[in-house]
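Below is one structure; the comments refer to it alone.
The values are calculated or read from the model by the stated rules, or taken from the named source; none is laboratory data. All figures in this text were calculated on a predicted structure; none of them were measured in a lab. No Cβ is skipped: glycine too gets one built from the backbone with ideal geometry, and neighbour counts run over all protein chains shown. In case anyone asks, the SASA skips ligands and DNA or RNA and just uses the protein heavy atoms, side chains included. Shrake-Rupley method; radii C 1.70, N 1.55, O 1.52, S 1.80 Å.
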Amino acid sequence: MSSSDKETTIVAFCCIYCAYAAADLAGSMRLQYPSNVRIIRTPCTGRLEVEYFLRAFENGADGVLVAGCEEGSCHFKEGNLIAKRRVNYARKLLAESGLEAERLKMVNVSAAGARLFTGHVREMAETVQRLGPSPLNRAKTRVQQEIKP
Amino acid sequence: MHSAEPEKATEKATELMKMSVARARLLSPLTGTSFAVDQTGLVIGGGVSGMTAALALAGQGFKVHLVEKSDRLGGRALDLRYTLEHEDISPFVAGIVKEAEEHPNIIFHLGADVTNVAGFIGQFKVSLFQDGTDSEVSCGAIIVATGAAPAATGEYLRGKDQGVITQLELEQRLQKGDFAPGRRNVVMIQCVGSRNEERPYCSRICCSMSVKNALKIKKLDPSAGVYVLYRDIRTYGFREKYYKQAREAGVIFIRYEPDAPPLVSQDNGLVVSVKSPDFPEPVEIETDCVVLSTGVDAAGDNRRVADMLKVPINADGFFVEAHLKLRPVEFATEGIFLCGLAHSPKHMDENISQARAAASRASTVLSKAYLEVGAQVSQVDQSKCISCMTCTKVCPYGAPTVNADHKAEIIAAKCMGCGICAAECPACAIQLNHFESRQFKDMLDELFRSGKEERRPAVVPEKSGVL
């Protein structure tokens, strides 16, 4: 099995006030976007700890998106700016540990930005495709293990 | 969203469900604190929508602040004269203005601007700027009814030839009686500056408006030639009847394609030439009156209002509701509602229905003396607190304080539940209720759990929600 056969997974942490609503709107609008994204709702991107991003990669995520409100319009004033700082820090940690920093990305989407949101997911899916699955990705073996008796 | 790959979509749904179940195992019952609701409404915008909403609330016994930017009530309806159903609009508008003005529960702020909005559902503080002075009013719910504006255009010799007018101007002239059709033709052009790159949406009302004015001309002078150049006629719902009536009355509808719009020239009087996919040759119409249907523009102030209220507007500048179908007249931010043209272009009857719906939703807030919120707040495990003061520095609301024991404590009424402190606390002493660290981590673990690993045993929810 070549590494490119592996199923990839993107974890998207979405702020309930913007990106989560945008993802919901994308559904209402029936926009097509990569199906390997798994959305985790957060009250604000400012809630997210660096540990969560690292945990996702440790478990085998191939890409992590942190989607918060547009800068200046955070529901909690500055949660998204704090998240940006943490994401930038986590990217350094990723690079130091040998993973590509591009696998982790902070994006800003408004609640009406359904197309923008799906665009960001698509972009991350392309990044993951270009970089190949993460060395920590166990997804394909997981599926096979489940099939075997 | 993934209609092309149903198996993958099911897999996604299954995994999302697994993650939610993993999180649900760790949820614990929360009890919130209650706070008093200021049982007063505030409506931004004194047009038909705003007045309808204000009257609906006032009629239920709530005090309502009605804030209008201009010094006159009525909004865009003041420009309109009659409806498609041949009803006079002016007496209706005058009636609703009179009713609002005489209502003891409505407090008017005419010529006032909203300059700041603070607080939250049940306890908003709205700053107003009126007659050169600042003031502040309190309210429990806000209805946004800021309206819209007719789009301006310079196309089709608009502004260069007096014979080129807009549908609104035509309507006003028809009502005043100084529009004499007769002899020559009237040509109406639809979708002017609409449904293009600059303004991609359909303004919804212009087709009906043309049909309305075309019928009026035909009624005044059945021999007048009325041509409507259109892309698609959208006289939706029961309005279709009037489109049929217009065709029966002899109004000629000519379709044009967006890449070949009609041409208006003024060499020997106004001449409109149009190439229709329905005719083999271009058609030339001599006329002395070209009427443009220019569509609806979002109010220029929307961006500023949206920023103050922290509610979204779309790329076209209209406000966006929380959910198209499930929460159509409210914003995701609790306690703020919307109606009228501020939301999207629509007919007056639709605006009135929406205004009543918004008032009805707002009254679900205002009818309560107390609201219970604040269950989703941060909590400090004081045995872990190292008194570093980080939480007091990062909180945007000043909710954490240090108590007499030198331990952090969070004032629930001030906490908005963002979780910034919980993520920042170096001692992991703070948890945000309902969004605890272990819940996030378990979701991430469950997503990537292989089939062979053992399931975790069920847990009994802890009372505090703190790890």
**Report entry** Relative contact order %, segment B:114-242, counting alpha carbon pairs below 8 Å whose residues are six or more apart
**Finding:** 18 percent
Query - Relative contact order for chain A, counting Cα pairs under 8 Å that sit 6 or more residues apart, in percent - result: 36 percent
Report summary line: Taking B:Thr401, A:Thr45 and ranking on accessible area (1.4 Å, protein atoms only), highest first, one gets B:Thr401, A:Thr45
Query raised in the report: So which residues in segment B:306-350 end up with at least 50 square angstrom less accessible surface once the other protein chains are there, compared with the chain by itself, probe 1.4 angstrom?
Result: B:Lys310
Query raised in the report: Under the Kirkwood approximation applied to all pairs of distinct alpha-carbon atoms, what is the hydrodynamic radius of segment A:74-119 in Å?
Result: 12.0 Å
Query raised in the report: Given a 1.4 Å probe and the protein chains all in place, what does the accessible area of B:Met416 round to, in Å² to the nearest 10?
Result: 70 Å²
Query raised in the report: In what order, largest first, do A:Ile16, B:Ile96 sit by accessible area if the probe radius is 1.4 Å?
Result: A:Ile16, B:Ile96
Requested in this report: Find the percent of Cα-Cα distances in segment A:7-147 that exceed 24 Å, and round it to a whole number.
Outcome: 28 percent
Query raised in the report: Using only the Cα atoms, what convex hull volume per residue in Å³ does segment A:1-65 have?
Result: 77 Å³
Query raised in the report: In square angstrom, rounded to the nearest 10, how much accessible surface does B:Ser383 have for a 1.4 Å probe?
Result: 100 Å²
Query raised in the report: What order do you get for A:92-104, B:345-357, B:196-208 when each peptide is scored by the mean count of other beta carbon atoms within 10 Å, highest first?
Result: B:345-357, B:196-208, A:92-104
Query raised in the report: What are the semi-axes of the equivalent ellipsoid of segment B:277-396, taken as the square roots of 5 times the eigenvalues of the Cα gyration tensor, listed largest first and rounded to whole Å?
Result: 49, 20, 12
Query raised in the report: If you wrap segment B:281-327's Cα atoms in a convex hull and average its projection over all directions, what's the area in nm²?
Result: 6.8 nm²
Report summary line: For B:Phe120 the rounded accessible area (nearest 10 Å², probe 1.4 Å, non-protein molecules ignored) is 60 Å²
Query raised in the report: So, with +1 on the Cβ of K and R and -1 on the Cβ of D and E, and no other charges, what is the size of the charge dipole of segment B:152-294 about its Cα centre, to the nearest 20 debye?
Result: 720 debye
Query raised in the report: Over chain B, what relative contact order in percent results from Cα pairs under 8 Å that are six or more residues apart?
Result: 19 percent
**Report entry** Cβ charges +1 (Lys, Arg) and -1 (Asp, Glu), total dipole of the protein assembly as shown, debye
**Finding:** 1420 debye
Query - Shielding of A:32-41 by partner chains, average beta-carbon count, 10 Å - result: 6
Requested in this report: Could you grab the Rg to Rh ratio for the protein assembly as shown? Cα atoms only, Kirkwood for Rh.
Outcome: 1.06
Query - Quarter of Cα convex hull surface for chain B, i.e. mean projection, nm² - result: 30.6 nm²
**Report entry** Per-residue [θ]222 nm for the protein assembly as shown (sum of -39500 (n - 2.57) over DSSP H runs n ≥ 4, rounded to 500)
**Finding:** -9500 deg cm²/dmol
**Report entry** Antiparallel content of DSSP bridges confined to segment B:152-294, in %, to 5
**Finding:** 30 percent
Query raised in the report: Beyond 17 Å, what share of the Cα-Cα pairs of segment B:49-102 remains, rounded to the nearest whole percent?
Result: 39 percent
Query - Peptides ranked, highest mean first, by Cβ atoms within 10 Å: ranges B:329-338, B:263-272 - result: B:329-338, B:263-272
Report summary line: Accessible-area order for B:Thr14, B:Thr83, largest to smallest, probe 1.4 angstrom, reads B:Thr14, B:Thr83
**Report entry** For segment B:318-449, convex hull volume per residue from C-alpha positions, Å³
**Finding:** 155 Å³
Query - Radius ratio Rg over Rh of segment B:91-209, counting only Cα atoms, Kirkwood formula for Rh - result: 1.10
Report task. Would you mind giving the mean number of other chain beta-carbons within 10 Å of the Cβ of each residue in A:58-66, as a whole number? Result -> 2
Query raised in the report: Taking a quarter of the surface of the convex hull around the Cα atoms of segment B:220-261, what do you get in nm²?
Result: 3.4 nm²
Query raised in the report: Ratio of Rg to Rh for segment B:152-294, alpha carbon only, Kirkwood?
Result: 0.93
